[in-house]
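Below is one structure, written out as structure tokens; comments come after it.
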Amino acid sequence: MGLSFSTQLDSRMRDYLKGRADVLLNDIRPHCKGQYTAAFLNKVWNEVEPRPSQAPQLLKNKELRDTEQVIAKGYLMQHVENRKRWKESYFVMKASYHLEYFESKEAEQRAVKAESSVLLSGYVLLNSVMDYRDRLHQSWPHFNGIADTYWEEQCANCPTGHPLFLWHPYRPHLLLCCQNADDHHIWSTLLKDGIRHFNTAIFRKDSFEVRVFLEAVRVYRQQKGQYGICDLYLGSEIEILSNLVMEDLCPVLESQLVPHVRGPDSKRKHTWLKMIGEMYTLVETQIAEGFQTLLRENEEQESKLEKTIRPDFTQILASKKQLLSKVKASLGDRVRLCCEEQVRPYLHSAGNGVTVPINAGLMETRRLFSEEVSRVMSVVQSGGHGSSSLAEVCSQLQALPYQSVQMHPCYKKLENLQQSLGELGARFSFTGVRFLTQRAQTIIQQLLQDAVYTFQYLLISAQPATGLSAEISQLLHNTQLRVLKKFDSDSSAAVKQFVRDSLLELFLPHVLKIMEPACKPELPVYEACLSAGGGDDDDDDDGVIRVESVYNELVLHIVSEEINRAMKEASTRTSYSLYNENMGGLWNNESELDGAESPRTFLASGTPPTSPAELPELASATGPLAGYQEQAEASDNSKASKVDTGSQWRGSQEDRGTATQGGGQNGPAEVNYGQSDNGVTAQGDEPVLSM
């Protein structure tokens, strides 16, 4: 019997999908347990022998915004497949970046329940029928050529010629059409921001547990021969696990179900996409239930590790160092030789390819901030504003990092990463360009958030007593210069860290993959060295120290040495593209280069470092990893460090206004601008590197 358009998942298929989800949870459970133990050991190690850290120059913006605030709304044409036509719907996007649509504007105003909502994580925004068709061909090649003419006619019959297609490998697709070019530009930038916001949410969390989870996912995929980051890492924990299920499941579904999809060719492709969407929803539901069990198990394990590791930490650490020494003596030279042959020749071009786009994005962000501050200064000068209204005028800056249209040129610079890496991505089978791009975009957004907040704090805390317009203008100018200097300092640190992390994401999985056949078979001989490691109990057969984890740490350390060496060499090349008038001192300090890698690197491409000295400097949940202080700003930083979070300056929260763009049959599209959530969560023990 074939699978028709109206077929719902029967009980047999539902049970099968639930079983596959449960299998994934059971398979990843031991990895979560092992990585939790390894990460907890390194956490205690860092507490016992902490690494000195330096605070960033800019103050961290921790102000949150009401996520129910509407930031955009208006009419868009939506393609309805079952009706084979386009219809007008009223779309609303809130500050949480949740997208809803209603039958009409009046329905939304009457607080009628939305017809549907769209969770944007994992989606790709496409602007043409050709791009959309290519995505479908790449994702489901079995249907290539099936009613492509009909499919394209339906999609291309956009009433206005300004399409926006939201594609997802497993969720239902959303085919939209804007009223005019202005609406198209506004909605495309908003949707891109929403996609990035949800895709990177997990990496903005300040959570020890999140890093353990991501490292477990990395190890799980690595044991299946799948190395490095990819789009599967975008989204929440539940989405990532669901993606893993579908990654394993789709080849089976294609071979067993696709031949049985029946009906006219014009509907077979749509039937399959609808079935995949239903399957993914069911898998997500099952994963969500099982994931709660994993969280409870982690809590129980933490209490056990506290009793196991802390009392015997000295002995455990000595055992690990002894094991590391033996593994290094046996395998270290082979790993170094591999790095010399496979990594070193490409480090310069790869570093240059990563550096150029993020430098361009930061320079554009710096320009935007400077221009907006100059605009505020002109308003103060022309309007005769006194100190009483200064906070009101400057509060307009608060929304700047969340202005999708204004920030678009900054983000656009980062989209050149794909082209900058060139053939290196294909050579090293690197599929994480989208990941790196969105991570870099988040970095520059956070830097701008911090710059705006620092500007406001310094300005209000030092406003003159007289309140004269001329005096306030001078204060604005001086504060602008101070904040730009701090921005340059933090930007330099962020670029250096991003380049190092990106190179690790590119080269570390490649080295691990090459060395696995030669090194992995030798690891069992070192199991005898673990007898003194302690931590064995009835519930933890693997013990506290794991040979494979120590081996991965060794590879991470050796690859990091190669990267640091290349970065030092690059600092001596005056023609290196990294250098410009604002970032000339980047990579000059040798002591900074000896620092270890970021937490994010451990999650996607490697394991924790081999000593606390190599542990990364802990970062704010959404900010750049570290700022390197300048002597000239020492007094400012000292002053800023004393700020009480509860008493940080909060300017008046006025909306930037409503921009009316274009119009549909029932009225214009309205885009409301305001401040957005910066993604900061409660502080944990070890922050996660933001993307």
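The values are calculated or read from the model by the stated rules, or taken from the named source; none is laboratory data. Keep in mind that this is a model prediction, so the values were computed, not measured. Quick reminder, even Gly has a Cβ in these numbers, built from the backbone with ideal geometry, and neighbours come from all protein chains shown. When the accessible area is computed, the model is the full protein with side chains, heavy atoms only, and any ligands, DNA or RNA have been set aside. Shrake-Rupley method; radii C 1.70, N 1.55, O 1.52, S 1.80 Å.
Tabulated data for the structure shown
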| item | result |
| --- | --- |
| Cut-off 14 Å, label 7 Å out along Cα→Cβ of Arg29, residues of segment 209-236 by amide N | none |
| Set Lys18/Lys224; Lys18/Lys87; Lys224/Lys496; Lys224/Lys269 screened for pairs whose C-alpha atoms are more than 27 Å apart | Lys18/Lys87; Lys224/Lys496; Lys224/Lys269 |
| Accessible area of segment 151-285 belonging to carbon and sulfur atoms, whole % at 1.4 Å probe | 52 percent |
| Net length gained if the chain between Leu253 and Glu115 were fully extended (0.36 nm per residue, minus Cα distance) | 46.6 nm |
| Label-point separation in nm, Arg262 to Asp231, each point 7 Å along Cα→Cβ | 3.2 nm |
| Per residue, the convex hull volume that the Cα atoms of segment 168-251 enclose (Å³) | 111 Å³ |
| Cross-link table Lys43/Lys304; Lys84/Lys267; Lys105/Lys274, entries beyond 21 Å C-alpha to C-alpha | Lys105/Lys274 |
| Cα-projected label distance for Asp66 with Ala329, points at 7 Å along beta-carbon direction, nm | 6.7 nm |
| For segment 5-120: relative contact order, % (alpha-carbon pairs under 8 angstrom, 6 or more apart) | 14 percent |
| Gain on full stretching of the segment that runs from Gln474 to Ser382 - 0.36 nm per residue minus C-alpha separation | 31.7 nm |
| Distance between modelled label sites at Gln322 and Arg367, nm, 7 Å Cα→Cβ extension | 6.1 nm |
| Interchain or long-range residues, amide H under 5 Å from Val261's placed H | Leu3 |
